[in-house]
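Following: one structure in structure tokens, then a few remarks.
The values are calculated or read from the model by the stated rules, or taken from the named source; none is laboratory data. Please read these numbers as outputs of a predicted model, since none were measured by experiment. Note: ideal-geometry Cβ built from the backbone for every residue, glycine included; neighbour counts use all protein chains shown. Side chains are part of the model used for accessible areas, which takes the heavy atoms of the whole protein and leaves out ligands, DNA and RNA. Shrake-Rupley method; radii C 1.70, N 1.55, O 1.52, S 1.80 Å.
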Amino acid sequence: MGETPAEPAGSYRRTPEKVKAVSVDATEKPSPDRQAAARGTSCNTLDWHRMHVHSKPECGTLRKSKGMRNLKLKRRVCSVGVQAPGSPHCLSVRMDSGSLLIASALSIIEYDPRTAQVLDEVSLTAEDYLPADGSGTVVGIQDLPDQECVCVATANGDVILYNLNTHQLECVGSVDTGLTGMSWSPDQELVTLTTGQQTIIVMTKDFEPITEVQIHQEDFGEGKFITVGWGKKETQFHGSAGKQAAQKKNTEVLPAVEWDDRRPRVTWRGDGQLFAVSAVCPQTGARKVRVWNRECVLQATSETINGLEQALCWKPSGSLIASTQRHPNKHSVVFLEKNGLLHGDFTLPLQKDQAKVKELLWNSDSTVLAVWLEDMNPGEDGLINTQIQLWSVGNYHWYLKQCLRWGSGQEAPMCVVWDPERPLQLYLLTHAWTCVTYQWGWTTDRSYGDAGHDNANVAVIDGDKVLVTAFRQCVVPPPMSSFELQLPAPVTMVTFCCEAGHSNDLAAMTEDGRLCVYGQGEGGSSASGSGGFRIITHPPVLKNTYRVELGGAGPLALRLVVWLREDNFLAVTCGEVIDQSKVLLLKPSANDGTLQISSQECVEGHVISVCHSGRSNAVALQLEDGQIRKLLWEDRELVAVPWEDSTGNTVNFPQPCEHTALCTISGEELPLGLTDRSHLYLGDTELASGVSSFVVCDDFLLLTTHAHTCRCLQLSTNTIRGLVSVLSSDGGQNDETLRRVERGSRIVTMVPHDTRLILQMPRGNLETIHHRALVLAQLRKWLDSLRFRDAFEVMRKQRINLNLIYDHNPKVFLENVEMFLNQVDSINHINLFLTELRDEDTTKTMYPCPSTCTPPSAPGVTGKKVDIVCDALRATMECLNPDRYCLCILTTHVKKTVPELETALQKVHQLRVNTPSSSEAVKAEEALKYLLFLVDVNDLYTHSLGTYDFTLVLMVAEKSQKDPKEYLPFLNMLKTLELNYQRYTIDKHLKRYSKALQHLSKCGDEYFSEVLNLVKDQQLYREALSLYPTDSSQYKELSAAYAEHLVERSQAEMAGLLLWRCGELARALQAFVGGASWRHALSVAMQMPLPPDQLALLARDLADKLLEQRRYTEASVLLEQYAKDCEEAISALITGAAWEEALRLVHLYNRQDIIETNLKPALLEAYTTQVSFLESQKALFSRHQTRLAVVREEKEKARQEMLDEGDCGDVELYSEASSVMSGSHVGSRYTHSNSRISARSSKNRRKAEGKKFSLKEGSPFEETALLHALTHITHTVDKMREEIQGLLKALVLFQYDDQAGTLQRNYSQLLTLMESNIPLIWIPNNTQTLVTGPTSTANSITASFQQQRVPPTAQQDTEAFTPPKMRTSVKWKLCVLD
């Protein structure tokens, strides 16, 4: 192999085919570029390093606690396809194909355990890499996927690469002194070789040597501890070791055990930055662990650990190194930190010198530690047994979850390795070349009973014990439990009985093939659980023990055991061929205590899960590709058929699921599954992603998510589409299905027919939550069944608003008020219910019913809720026992919408006057004290004063904090007054002016001046008028005062009516004239009567006022009939364009001269004015319409540009409706965020409102202003129909046909223009649909969603965007002009 004598012994040599052989001295410093190569790593690796290495120091714990979960064997494949001489030495897994790379003393074999086929084989003896007699040894094998090679290291020192594509074998280097081990870094950038001369060689992946150092170093390393000189070791704190540690002398270092193979062990940390080496020290003969960095620089050396054994494995996702230590009285797995110090341990369940630990193996996600053991001495059967134990940790406790045991000989494992990508898949290779693949999954073994007597049991496997916790009675944090079941051998699986009424019974399968059946214990005494807990349930007792014999099938031959009925067990085992499973129905035999196969069914494919429905007794089998089979087992023979839905379609999971269950939705039973990628499927429909755990119990589906929420969905009120919709939404403010939970929470179990949900936190502790959806569903059931007490207690504990008791079904509650009182049966609780009442329907606001659930209606219940409930409760309590319910009755008075404090005070006063003799009665002082608790003392004092009962006032005042000097002088003064004046004074003091006026009016005429002042001050005119006769002087005086008040408020006409009916004609006439009420004024003038000349003057004054108000026709009546001036009357009519009435008076008084002088010129002037006005309106209408089209076009263009740019945040600003949407949208945002902005002055509000009607070009509200302007023009022109018609008639009468025709034509054209353009200007706001499809972009879809979410009509001015209606039914045209 090209040896060079000048090389140092033990140095690594490259073969000539690659490069020249290079010798590296042990003390040589590596080159800078090689150091850089050694340090080289990806950014992801560095991030991983920061995340894990600098985390909280671990004490043998894991990040995700598995304390309440067990390992369930999903798949076991036993394949015998390798026919090779000798025995296997090393085993590696190809990550890209999943095949196994096996190295023996003769060859390298690539083997596929799924098909039991040898894919490739190459001899190591053909080129003399190993001796042909099989005496050679392979010390390491590693798959190198980047190079598509497999690397093999032999004990004689050769490092061999085998190319899996070209099938060429190549020796890349050799070490003269031989190799004892090879270990590649996790990133496969570096490889370490341990030589026979106790050195470490570090090379790159291209086998470029970086450095070579001696394993045994005298220095501690770069991480040497610093001594700061704080006294001697004897004076330091020694923790749990106590003071005796100070006097303890150094014990002698014991050498390694005899069976130690003395080979160094190398293990890498998961990030590839450090590696540890365990080697036997030449001086002491004991093992030491040294930690080296990536550049092979020593970092730390472990402390002296007597009994430290050869096994060594660094936890992939942490900073702990696992090894084993033999103590005089125990055998432990110990953990070391990277500084070499011990950090936690756990004890193996072994007797002294019973077994030796061959290897420790962490799985890829650090959740399971495999301990490979071999007995030191033969057992009773004369065989040396081998076993593999699988350990997991939770809440600082290590659990033995699985134990696999083999006898000696060819069936014992020779190689054991975890799959690097499937964390819970383990490969074993026996001496006889049998490959066994085990695949586990995490599961929570819980009882699945739906009845109220189910204890919600959860069983946890811990070696030969089963820890059972009954969560219905108590919540015991792991590793403690309600009780422990001790079994004769380690337990491999636990199952609870699925039969109704026996859900608390459990069966445990041990590793020696025995099935122990436990049933509910009997007896009256409480049982003592572990940790000193007292429980009120009886622990299960052993009923039967069965032996299951399958004829040498190996460890864990049975898997997925389901206890169907009391005497029926379902189990899965391997089939006759490698890709087949066999489902067994086991029943106990009558004689020998074994479980016999009653029926069996072969299923093509590997069954990885079995789930059972307690309601329908259906059993679903899941195959490894996600297919679902329905197992028909209730007949004598087992039959597996495809699972079909109601339409006959086959139901399968799109992906294989880790956890499965059966649930009923929409009357159809379907499988529910959760994948290892957190996808939740219901049949072939994906319900949600990001789900971490779920459970189906009663009628509910509960699940936790990686978003740290817990969902609770009622299956009977949902559909599949509804579940998808709910799980995809974020949930609203009052969404009862959603609840926030602690980060990393997982569901342990749910208590059936209860509201408790048990969650386990990542650190292992348990929490009980009462999910709001569960609580409300249970409350609705209780309220429907009139169990008011149970509902009330839960509502108090869970802080549910007590209004729900009434709001759930008001009619039922009012019909059962007496039952409610009898069940609650507590004065304090009834008062609590009353004080929480409010006029709000909580079933619509706080606790809305599920969308598909119709809330109960309450026909016939009208009025305010609080008043209705208070009155109903008070009436019932007064009938049952008014003395006992006295405080509750007072509460019903106080709680009403308008508090009846006077009535409540009167009842308290009656208690003082007539003390009840009943023992349940309440004293007056206690009742008053309770009232003071409900009502503010000042309010109660005020109301007591309003009862005019001074005894009651003093009673309230004495119980308050008032100073007697505050109220006694006032009360003494009141006692000296006459009764009515006394009450007037009290009412005025309390500002009850209406009552004060009533009492003052009874005091006599001498107090009328005071009455008049009170009426004027408080404006009580109408109340005062009702207190005096209409013919009295007081009534007239009050009426006059009222009239003056009305005149001041610009209501002169009403003032005149009051004065007229009181006989004050002169003042009434003055009021009518001031209000331009000419008919009333003339009537009063005629009644007075006025002389004719004064009457004519009055008529002219009134006519002038009417002309100022543009009431021309009414003014002409006054001028014609009362002033006798027909010319002025005709002139007024011509001014008011009343052409027909003016012609009538002209001919009535024979004044045809006025036609030529006044009427015709006025007609022509009116014609000119109207034509000019119509032209201006037409031009203005057209201009606004054109500008509106431009504005809309610009906004649409801007909206499209914004969509193209990818900014959809304000795309609704440019919608076709109006930019006012965005303005309103922004305004609403600020209104909620800043109260000062919403509290603007009225002037600013008017100013901001005026901006909406600004026609300034470029204004954000320009479109709205244009629409307002167009609406105004349309209404103005449309209202001119009657006016135009009158003018046309007059023009035709005086033969102005041309002018009349022009006017009619212009007006008609303008109306037609407006009518035809209304649909173009006011575009109907059609409902916008979601824009999707292959041409859609993310921005356009977002914009579509926003337009759907914010309807334009909700943000815009309704009037501006409502098209005006024209009065087309009004006939105005003259046919003679057509």
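Data for the structure
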quantity: Subset of region 917-930 [more than 21 Å from Arg838 (Cβ to Cβ) and either loosely packed, with under 15 Cβ neighbours inside 10 Å or in contact with a Leu (Cβ under 7 Å, 6 or more places away or on another chain) (or both)]; calculated: Ser917, Ser918, Ser919, Glu920, Val922, Lys923, Ala924, Glu925, Glu926, Ala927, Lys929
quantity: Matching residues in region 646-665 - criterion: being over 16 Å from Ser613 (Cα atoms) and either open to solvent by less than 10 Å² (accessible area, probe 1.4 Å) or part of a loop (DSSP other than H, G, I, E, B) (or both); calculated: Ser646, Thr647, Gly648, Asn649, Val651, Phe653, Pro654, Gln655, Pro656, Cys657, Glu658
quantity: Selection from region 1277-1292 of residues that are open to solvent by 40 Å² or more (accessible area, probe 1.4 Å) and within 60 Å of the chain's Cα centre (by Cα); calculated: Lys1279
quantity: Top-ranked residue in region 87-99 [being part of a loop (DSSP other than H, G, I, E, B) and either modelled with pLDDT under 85 or under 24 Å from Ser317 (Cβ atoms) (or both); ranked as least open to solvent (accessible area, probe 1.4 Å)]; calculated: Gly98
quantity: Ala432 being part of a loop (DSSP other than H, G, I, E, B) and either at pLDDT below 90 or closer than 18 Å to Pro490 by Cα (or both); calculated: yes
quantity: Residues satisfying the stated conditions in region 986-1039, i.e. loosely packed, with under 11 Cβ neighbours inside 10 Å and basic (Lys, Arg); calculated: Lys991, Arg1022
quantity: Residue pairs meeting the criteria (Cβ under 9 Å; at least 6 apart or on separate chains; first more than 23 Å from Val1117 (Cα to Cα) and polar (S, T, N, Q), in region 1142-1171; second assigned to a helix (DSSP H, G or I) and open to solvent by 30 Å² or more (accessible area, probe 1.4 Å)); calculated: Thr1168/Gln1299; Gln1170/Glu1283; Gln1170/Asn1306
quantity: Top-ranked residue of region 567-593 - restricted to ones that are more than 22 Å from Asp112 (Cα to Cα), in a loop (DSSP other than H, G, I, E, B) and open to solvent by 40 Å² or more (accessible area, probe 1.4 Å), ranked as modelled with the highest pLDDT; calculated: Asp567
quantity: Counted residues, region 409-420 - those being assigned to a loop (DSSP other than H, G, I, E, B) and either farther than 16 Å from Leu369 by Cα or among the hydrophobic types (A, V, I, L, M, F, W, C) (or both); calculated: 4
quantity: For Ser319: the one exception among (1) modelled with pLDDT of 90 or more; (2) assigned to a loop (DSSP other than H, G, I, E, B); calculated: (1)
quantity: Test: residue in region 1118-1139 that is part of a loop (DSSP other than H, G, I, E, B), open to solvent by less than 20 Å² (accessible area, probe 1.4 Å) and either over 13 Å from Ala1290 (Cα atoms) or among the aliphatic types (A, V, I, L, M) (or both); calculated: yes
quantity: Options Ile747, Ile720, Ile758; residue that is open to solvent by 50 Å² or more (accessible area, probe 1.4 Å) and hydrophobic (A, V, I, L, M, F, W, C); calculated: Ile720
quantity: Residue within region 384-392 that is over 21 Å from Glu484 (Cβ atoms) and crowded, with 21+ Cβ neighbours inside 10 Å present; calculated: yes
quantity: Filtered residues of region 792-818 (kept if among the β-branched types (Val, Ile, Thr), open to solvent by less than 20 Å² (accessible area, probe 1.4 Å) and assigned to a helix (DSSP H, G or I)); calculated: Ile805, Val817
quantity: Residue satisfying all of: in region 46-86; under 30 Å from Gly409 (Cα atoms), in contact with a Gly (Cβ under 9 Å, 6 or more places away or on another chain) and surrounded by fewer than 19 Cβ atoms within 10 Å (Cβ to Cβ); modelled with the highest pLDDT among these; calculated: Cys78
quantity: Gly1063 vs. criteria on the phi > 0 side of the Ramachandran plot and either open to solvent by 30 Å² or more (accessible area, probe 1.4 Å) or not charged (D, E, K, R) (or both); calculated: yes
quantity: Close pairs (8 angstrom Cβ cut-off, 6 or more residues apart or separate chains): farther than 24 Å from Gly501 by Cβ in region 552-568, crowded, with 17+ Cβ neighbours inside 10 Å and among the aromatic types (Phe, Trp, Tyr) anywhere; calculated: Gly554/Trp406; Pro555/Trp406; Leu556/Tyr438
quantity: Residue pairs meeting the criteria (Cβ under 7 Å; at least 6 apart or on separate chains; first of a type in the set (Phe, Trp, Tyr), in region 967-986; second assigned to a helix (DSSP H, G or I)); calculated: Tyr967/Ala957; Tyr984/Ala996; Tyr984/His999; Tyr984/Leu1000
quantity: Region 423-449 residues that are at positive phi and open to solvent by less than 20 Å² (accessible area, probe 1.4 Å), paired with ones that are at pLDDT below 95 and part of a strand (DSSP E or B) (beta carbon under 7 Å, 6 or more apart); calculated: Trp433/Pro88
quantity: Among residues of region 1293-1324, those that are surrounded by 12 or more Cβ atoms within 10 Å (Cβ to Cβ), over 59 Å from the mean Cα position of the chain (by Cα) and not in a helix (DSSP H, G or I), counted; calculated: 2
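Each row is one residue, and each column tells you yes or no for (1) farther than 24 Å from Thr267 by Cα; (2) open to solvent by 20 Å² or more (accessible area, probe 1.4 Å).
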{"residue": "Ala126", "(1), (2)": "yes, yes"}
{"residue": "Pro145", "(1), (2)": "no, yes"}
{"residue": "Asn163", "(1), (2)": "yes, yes"}
{"residue": "Ser174", "(1), (2)": "no, no"}
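For every residue, the table says whether it meets (1) at pLDDT 90 or above; (2) among the β-branched types (Val, Ile, Thr).
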residue	(1), (2)
Glu303	no, no
Leu312	yes, no
Arg326	yes, no
Val333	yes, yes
Leu336	yes, no
His343	yes, no
Phe346	yes, no
Gln351	no, no
Gln354	no, no
